[in-house]
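Asker: I'd like to ask you about the structure that follows.
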Amino acid sequence: MPPAVAAGYFVVETAPVWGPALVNAATWIGGGILLAVGLSSDTPNADTQADAQTKADTATCATGNCPPEDKCKFDKYNKLKCGENQQKHHIIADYVIRAGKRLDDSLRLPNAPSLDDGPSICLDDTEHTSVHQLMDRAVKNLGPGATLGQVKDIAMDAIKKVKPECEGKMGDLKSQVDKAFEKMGDDAPIRHQKSPLPNQNQIDRLFGRGIGDGLE
């Protein structure tokens with residue numbers, strides 16, 4: 001018998017849907033049960049799998065058997081979901097890959113990931129402050145000749161010190177950072193301090209204009 005959809009006092013039978021992967025979700029509506037049937041592709045992508053896992057975790061929590069909290073969550077900035085009292089932090093601080101303000105895409109460095117695509121991690125306020133204290137000071141000490149590769153090393157070290165829960169995930173975290181920045185290359189020049197904003201000579205260097213002509 002095909003599944004039935006009940007809403008209030010009306011019952012409508014629906015034809016079954018078959019496919020490689022069948023997802024069923026039951027929702028109470030006005031004393032009845034709504035049965036929603038969805039079909040996924042043969043090869044679900046990472047986003048689909050993540051959504052499915054979130055739904056599975058939510059269902060498990062409803063029975064009082066929540067899975068252990070992941071204390072080292074990272075993903076692209078716009079996909080990362082952090083818990084209460086946490087915030088999203090760009091692992092490679094966003095200011096190092098732009099010559100202007102945060103939302104000014106025109107001064108984003110060549111081949112740099114967007115603000116939304118930047119690899120990020122969940123940190124509480126104390127962790128976030130500590131990471132920036134470690135990273136910002138070290139990056140500034142590199143001077144105007146700083147490169148992306150140097151900043152990557154500093155960023156990884158800061159996360160490792162502030163977030164010991166990530167010890168077993170540092171390899172995965174670094175792989176995500178490397179993939180996001182692969183078009184830039186580790187030798188790419190970067191901005192070495194939050195303020196002041198780069199002057200024109202520094203902007204020329206960051207965008208590859210005048211390199212070899214004495215611009216610093």
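Asker: Tally Lys/Arg at +1 and Asp/Glu at -1 over every other residue whose Cβ is under 14 Å from the Cβ of Arg108; what's the total? Kindly include the intermediate steps, with their values, before the conclusion.
Answerer: Numbers: positive: Arg98, Lys101, Arg102, Lys183, Arg191; negative: Asp94, Asp104, Asp105, Asp116, Asp117.
Net charge in that neighbourhood comes out at 0.
Asker: Next up: Determine the gain in length on full extension of the stretch Asp172-Lys140; use 0.36 nm per residue of separation and subtract their C-alpha separation, reporting nm with one decimal. Walk me through the intermediate numbers first.
Answerer: Details: separation 32, 0.36 × 32 = 11.52 nm, distance 2.67 nm.
Taking Asp172 through Lys140 to full extension adds about 8.8 nm, to one decimal.
Asker: Right, here's the next one. For Cα pairs less than 8 Å apart in space and 6+ apart in sequence, what is the mean separation divided by the residue count of region 60-175, i.e. the relative contact order in percent?
Answerer: Values: 123 pairs, mean separation 33.1, N = 116.
Reported as a whole number, the value is 29 percent.
Asker: Could you give the nm distance between label points at Asn111 and Asp153, where each point is 7 Å from its Cα heading toward the beta carbon?
Answerer: Between Asn111 and Asp153, the label points sit 2.0 nm apart.
Asker: Then there's this: Read phi for every residue in region 74-90 and hand back ³J(HN,Hα) as whole Hz from Karplus 6.51 cos²θ - 1.76 cosθ + 1.60, θ = phi - 60°, with x for Gly and Pro.
Answerer: Using θ = phi - 60°, the values come out as 8, 5, 4, 3, 7, 10, 6, 10, 9, x, 5, 6, 10, 9, 8, 10, 5 Hz.
Asker: Sticking to Cα atoms, compute the Rg of region 79-208 to one decimal and its Dmax as the biggest Cα-Cα distance, whole number, in Å.
Answerer: According to the Cα coordinates of region 79-208, Rg and Dmax are 14.1, 43 Å.
Asker: For Arg98, list long-range residues whose amide hydrogen, built 1.01 Å from N in the peptide plane, is under 5 Å from its own amide hydrogen.
Answerer: Residues meeting the criterion, in which the H sits 1.01 Å from N, are Leu109, Arg191.
Asker: Write down, largest first, the equivalent ellipsoid semi-axes of region 141-193 in whole Å, where each equals the square root of 5 times an eigenvalue of the alpha-carbon gyration tensor.
Answerer: They are 22, 15, 6 Å, listed largest first.
Asker: To continue, here is another question. How large, in percent, is the carbon and sulfur part of the accessible surface of region 90-214 at a probe radius of 1.4 Å? Let's see the in-between values first.
Answerer: Numbers: 2970 of 6270 Å².
That fraction is 47 percent.
The values are calculated or read from the model by the stated rules, or taken from the named source; none is laboratory data. Note that the structure is a prediction, hence the values are computed from the model and not measured. Quick reminder, even Gly has a Cβ in these numbers, built from the backbone with ideal geometry, and neighbours come from all protein chains shown. The area values use the complete protein model at the heavy-atom level, side chains included, leaving out ligands, DNA and RNA. Shrake-Rupley method; radii C 1.70, N 1.55, O 1.52, S 1.80 Å.
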